[in-house]
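Worksheet: the structure to be examined is printed underneath.
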């Protein structure tokens, strides 16, 4: 592997972690837990792993007792997120501390590697080459769902052959749901294999009181905010363009909100607010066009609009349409595929309820087509393929032209669109993510040593210095509820949405009128890895506000 000068320098960085993990640890158990929703159904599905207590690591005078080497398997599942390599490094160092002869096996290209018995042993030389680097290329990732007995049994064959005591699945809400299902199954057949999860997703929607943030969110938001800041500086220099910038986040607006807190754009749409206020697409267009018109009155025909990737699904009327489309395509995909392209729109309209058919027919043809493209592995519309930013530009332009004819607008509107997604998923992790991910991996190794299964590694109090962080684990079942997938109700981890009564949104809401009317741009610049702590180790604005720290 050819390394850049920065990568060579970063290789020497020693991630910080909670003091408690540097010595001998014991388990402090809390009270029994219950699922966040649909408790009876979740308990029936997970009778063995349900209701277990939250655990916290505390200092101990006795070393962790392990009966020989601790062989562990690891899977990277789902989309990439900065810091994944450090999670693996943390697991490796943790199990080596438990026993020098412990081994770590990486299953290649996600869950498929487990099912098809494709793996490599991750030795010290390999691990050291990937410390503090971005991406998931050490073993690759994949999106195959682990959900059938055949898959579980096939995976167990290779785990037994390798003498693996525990499997760590590093992923988002669906991947950790799979980890929970797998843990329950292996426990039910006394397989002797523990399953531990680690919270990964740049979208930031895998969180609760015990999981403060999912790893990669901090880095991705800093990358996107740098890009937005660069655009805003160009915008403020040329003063002739409106930039519509879509950012990742299909199911929640955490990234859009965090980027707004970091950069102060003129407009940021928060999907959860759109849903709560039952706003229509026209309401959103009126709001954006109104900001543009007011700035034009001051001679400012420029600005920035930040849009969450999943906005279209949060507009109540379109959300109902998409729900019906998802169910329809789940049961009629083959018939739809056989329909000639020129007849597809009419075919869909003929199959929808009257109200949804009317909405579908009113959409621009390219957007209507995008709503019927192939679903993701969970049966949902792939919102990243819907060019929401271009739809908004087109509709805002029409609205401004109408206002111009009525004498309500006299500015000049020229727009440029952007979508920031892949740009942030594999960035070199910030110091925060490098520390957080390493701590999560190390905590996972201690959960394994403690005999836990069906747990997710947890590291909290992360706005404090790393030495003061709190490490432990939570039962995955406590994060679960029942949701409709592929037309059926299934157990899944409940996504954490932006809380409109939470401190981050309240701070944004109290400042957005000023940011809209004035030019208050902040230019964050690139992530800093070396220098003053207040510059290099700063956690996200979201975390700071949630933990009542001043910005």
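The values are calculated or read from the model by the stated rules, or taken from the named source; none is laboratory data. No experiment lies behind these values; they were computed from the predicted model shown. Positions of Cβ are backbone-derived with ideal geometry, glycine not excepted, and every protein chain shown enters the neighbour counts.
Go through 195, 164, 181 for me and flag whichever is more than 19 Å from residue 476 (Cα to Cα), in contact with a strand residue (DSSP E or B) (Cβ under 9 Å, 6 or more places away or on another chain) and touching a residue at least 40 places away in the same chain (Cβ under 8 Å).
From the options 195, 164, 181, the qualifying one is 164.
Run residue 287 past the list (1) under 18 Å from residue 317 (Cβ atoms); (2) without any contact (Cβ under 8 Å) to a residue 60 or more places away in the chain; (3) crowded, with 23+ Cβ neighbours inside 10 Å and report the number of the one that doesn't hold.
Condition (3) is where residue 287 drops out.
Looking only at segment 506-545, count every residue that is part of a helix (DSSP H, G or I), under 23 Å from residue 430 (Cβ atoms) and touching a residue at least 40 places away in the same chain (Cβ under 8 Å) and tell me the total.
8
Condition test on residue 467, is it more than 22 Å from the chain's Cα centre (by Cα), touching a residue at least 60 places away in the same chain (Cβ under 8 Å) and not assigned by TED's automatic domain parsing to the domain that holds residue 236?
yes
Report yes if some residue within segment 273-288 is in contact with a strand residue (DSSP E or B) (Cβ under 9 Å, 6 or more places away or on another chain) and in a strand (DSSP E or B); otherwise report no.
Scanning segment 273-288 turns up no residue that is in contact with a strand residue (DSSP E or B) (Cβ under 9 Å, 6 or more places away or on another chain) and in a strand (DSSP E or B).
Please work out which residue is farthest from the chain's Cα centre (by Cα), limiting yourself to segment 63-93 and to residues that are surrounded by 24 or more Cβ atoms within 10 Å (Cβ to Cβ) and within 13 Å of residue 165 (Cβ to Cβ).
Only one residue tops the list, namely 70.
Of these, 423, 394, 406, which one is out of contact with any strand residue (DSSP E or B) (no Cβ under 6 Å at 6 or more places or on another chain) and closer than 21 Å to residue 78 by Cβ?
423
Which one of these does residue 486 not meet: (1) modelled with pLDDT of 95 or more; (2) surrounded by 14 or more Cβ atoms within 10 Å (Cβ to Cβ); (3) more than 27 Å from residue 300 (Cβ to Cβ)?
(1)
Suppose the filter is in a helix (DSSP H, G or I) and in contact (Cβ under 8 Å) with a residue 60 or more places away in the chain; does residue 222 pass it?
In short, yes.
Residue-by-condition table, conditions (1) farther than 30 Å from residue 146 by Cβ; (2) modelled with pLDDT of 80 or more; (3) part of a loop (DSSP other than H, G, I, E, B):
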position	(1), (2), (3)
359	yes, yes, no
369	yes, yes, no
378	no, no, yes
393	yes, yes, no
399	yes, yes, no
403	yes, yes, no
409	yes, yes, yes
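For segment 138-150, check the following and say yes or no: at least one residue is in contact with a strand residue (DSSP E or B) (Cβ under 6 Å, 6 or more places away or on another chain), under 25 Å from residue 126 (Cβ atoms) and in contact (Cβ under 8 Å) with a residue 40 or more places away in the chain.
yes
State whether one or more residues within segment 111-128 are in contact (Cβ under 8 Å) with a residue 60 or more places away in the chain, outside any helix (DSSP H, G or I) and in the same structural domain as residue 207 (by TED's automatic domain parsing).
no
Which numbered condition in (1) touching a strand residue (DSSP E or B) at 6+ places or on another chain (Cβ under 8 Å); (2) surrounded by fewer than 19 Cβ atoms within 10 Å (Cβ to Cβ); (3) not in a loop (DSSP other than H, G, I, E, B) is the only one that residue 154 fails?
Evaluating residue 154 over (1) touching a strand residue (DSSP E or B) at 6+ places or on another chain (Cβ under 8 Å); (2) surrounded by fewer than 19 Cβ atoms within 10 Å (Cβ to Cβ); (3) not in a loop (DSSP other than H, G, I, E, B) leaves (1) as the failure.
If I filter segment 291-313 down to residues being surrounded by fewer than 18 Cβ atoms within 10 Å (Cβ to Cβ) and part of a helix (DSSP H, G or I), which single residue comes out as farthest from the chain's Cα centre (by Cα)?
The residue in question is 297.
Among the residues of segment 129-151 satisfying the criterion of being within 16 Å of residue 428 (Cβ to Cβ) and assigned to a helix (DSSP H, G or I), which is farthest from the chain's Cα centre (by Cα)?
Applying the filter and picking the extreme gives 129.
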